[in-house]
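Worksheet: the structure to be examined is printed underneath.
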Amino acid sequence: MIEIAIVVALHVIGLAMLLSLWRLLRGPTAPDRILALDTLYVSTIAQLILFGMYLNTEIYFEAALVIAMLGFFGTVVLSKYVIRRDIVE
């Protein structure tokens, strides 16, 4: 029963990723695109964790942790660039 719930959740998160990708490509402003990219990071992390639960392996949890760290750093850098038009102070 839990496997069915994980598969359904994988499909729902996949749909959320497609919608985030659509907003990333179509977004009218730069902050919209940054928010869509951040949402795509979070969806990717959820997808990897669910896939790791489905396969009962721990390697996907480690990959999700790396993506979480890189996603946070990327969002901060992009937001700083949009606000100040300069990354390095």
> Being of a type in the set (Val, Ile, Thr) and not in a helix (DSSP H, G or I), is that true of even one residue in the range 55-70?
Replying inline: yes
> What residue, of ALA46, ALA16, ALA64, is in contact (Cβ under 8 Å) with a residue 12 or more places away in the chain and in contact with a Leu (Cβ under 6 Å, 6 or more places away or on another chain)?
Replying inline: ALA64
>> Of everything in the range 55-75, what is surrounded by 11 or more Cβ atoms within 10 Å (Cβ to Cβ), of a type outside the set (Gly, Ala, Ser) and within 22 Å of LEU21 (Cβ to Cβ)? Give them in sequence order.
In response: TYR60, VAL66, ILE67, LEU70, PHE72, THR75
>> Would you confirm, using the coordinates I've provided, whether LEU40 is buried (at least 17 other Cβ atoms within 10 Å of the Cβ), part of a helix (DSSP H, G or I), out of contact with any strand residue (DSSP E or B) (no Cβ under 9 Å at 6 or more places or on another chain) and of a type outside the set (D, E, K, R)?
In response: yes
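Read the figures in this text as sums done on the coordinates, not as results from a lab. The shown structure was predicted, so the numbers you read here are calculated from the model rather than taken from an experiment. All Cβ positions, glycine included, derive from the backbone under ideal geometry; neighbour counts span all protein chains shown.
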